[in-house]
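The values are calculated or read from the model by the stated rules, or taken from the named source; none is laboratory data. Note that the structure is predicted; figures quoted are calculated from it, not measured. Methodologically, a virtual Cβ is constructed for each residue, glycine included, from the backbone with ideal geometry; neighbour enumeration extends over all protein chains shown.
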Amino acid sequence: MEFIIMIAIVLIALGVLCFGGAVYAFARHKKGIAAGCALLGVVMAIALLIVPMSIHVIQSGEVAVVKHLGKVKDEERMAGTYFDFWITDKYEVYDATVQTVDLTFSAYSADAQTMDVTMTLQYQIIPEKASDVATQYGTLSILQNRITSVSTEKAKSVLSKDKAMDIIANRAQMSPAVEESIIAAIGENYFVNVVAVVLTDLTFTDAFELAVEEKMIAEQAKLKAEYDNQTKVAQAQAEADAKLAAATAEIQIAQAQADAELKKAQAKIEIAKAEAEAKKVAAEAEAEANRIIAESLTQEILDKIMADKWDGKLPTVVAGADASMGMMLPDMTE
């Protein structure tokens, strides 16, 4: 804009100088110079009407569609400065930045629950398709109306597939699902890129919200009861485990003591067996010795032993038939 203003100022200044020069020359009776200056002034005036209005500056974030005598040219004007004769070529400048549209509408869930939906839609026109937008829709506002209508219908369609409780439980997954559906429906079909779709709010009726709240309270109470029951069961199980561990320990101690007593008894038995075996062996050895001795004794040996043992004295008491006499025999050796 500053560039156009500067050109207009220059042309105005030149035109003023030319007309001023013409007046001055005419006053000096220099008709040829006056006519030339006047003609040059007219040229400057015509240029002032044509040049500034034919210079078009497209800013960053904008795209322009040129209509030549009402017909849309195929070539879009991106950011930059262009010269097109303003009488025959008209510029329609479109905003090529990301557009944000806030939508509010009502929808129904699969179980016929009513919800108020607030959704934010962000889209951006494809600069290279600006001429198609101008040809099919004429203005961006008409295109935006069409996009918002399609987006609303797609969002309603997605939300109607789930029950209200599922929508509440999976609220975070709703926006991606709606966004995917809208992108598939719009896309390049409407010469725009869908940047983002966000469900900013889902509000059900007061009655349903109250029912949900009561259900959540009941579920919380149920969960608490289950938790308390699990805690009691866990405590009882812990106590039972402790008692079982104590009983097992006592059994193990008793078993160990019994094993020790058993081993002691077995040791005594083994000792007794060993002693008995030793006595048996000794008795058998003595018997064997006696047998050998008995077998080796003869009458002559016995007589000799008796003779070696006899001290030459007769017994003073005689048993037998003569014992009744009670008579003591004298010692014949004296």
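Which of the following residues is at pLDDT 85 or above, in contact with a Ser or Thr (Cβ under 7 Å, 6 or more places away or on another chain) and either surrounded by 11 or more Cβ atoms within 10 Å (Cβ to Cβ) or not acidic (Asp, Glu) (or both): Val178, Val194, Val198?
Working: Val178 fails: in contact with a Ser or Thr (Cβ under 7 Å, 6 or more places away or on another chain); Val194 fails: in contact with a Ser or Thr (Cβ under 7 Å, 6 or more places away or on another chain).
Answer to the check: Val198.
Quick check: is even one residue across the stretch 198-208 in contact with a Lys or Arg (Cβ under 7 Å, 6 or more places away or on another chain) and on the phi > 0 side of the Ramachandran plot? Explain how you work it out, then say what you get.
Pass one, the stretch 198-208, residues in contact with a Lys or Arg (Cβ under 7 Å, 6 or more places away or on another chain): 202.
When the remaining residues are screened for being on the phi > 0 side of the Ramachandran plot, the result is none.
No, the conditions are met nowhere in the stretch 198-208.
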Some residue of the stretch 206-214 being crowded, with 17+ Cβ neighbours inside 10 Å, in contact with a strand residue (DSSP E or B) (Cβ under 7 Å, 6 or more places away or on another chain), touching a residue at least 40 places away in the same chain (Cβ under 8 Å) and not acidic (Asp, Glu): no
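When the residues of the stretch 63-85 are filtered to those that are outside any strand (DSSP E or B) and modelled with pLDDT of 70 or more, which remaining residue is surrounded by the fewest Cβ atoms within 10 Å (Cβ to Cβ)?
Initially, the stretch 63-85 is screened for residues outside any strand (DSSP E or B), giving 69-70, 78-79, 84-85.
Then drop every residue that is not modelled with pLDDT of 70 or more, which leaves 69, 78-79, 84.
Details: Leu69: 8, Met78: 15, Ala79: 14, Asp84: 18.
So the residue we want is Leu69.
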Answer from Ser60, Ser106 - the residue that is part of a loop (DSSP other than H, G, I, E, B), within 53 Å of the chain's Cα centre (by Cα) and at pLDDT 70 or above: Ser60
Residue in the stretch 191-204 that is more than 31 Å from the chain's Cα centre (by Cα) and assigned by TED's automatic domain parsing to the domain that holds Thr148 present: yes
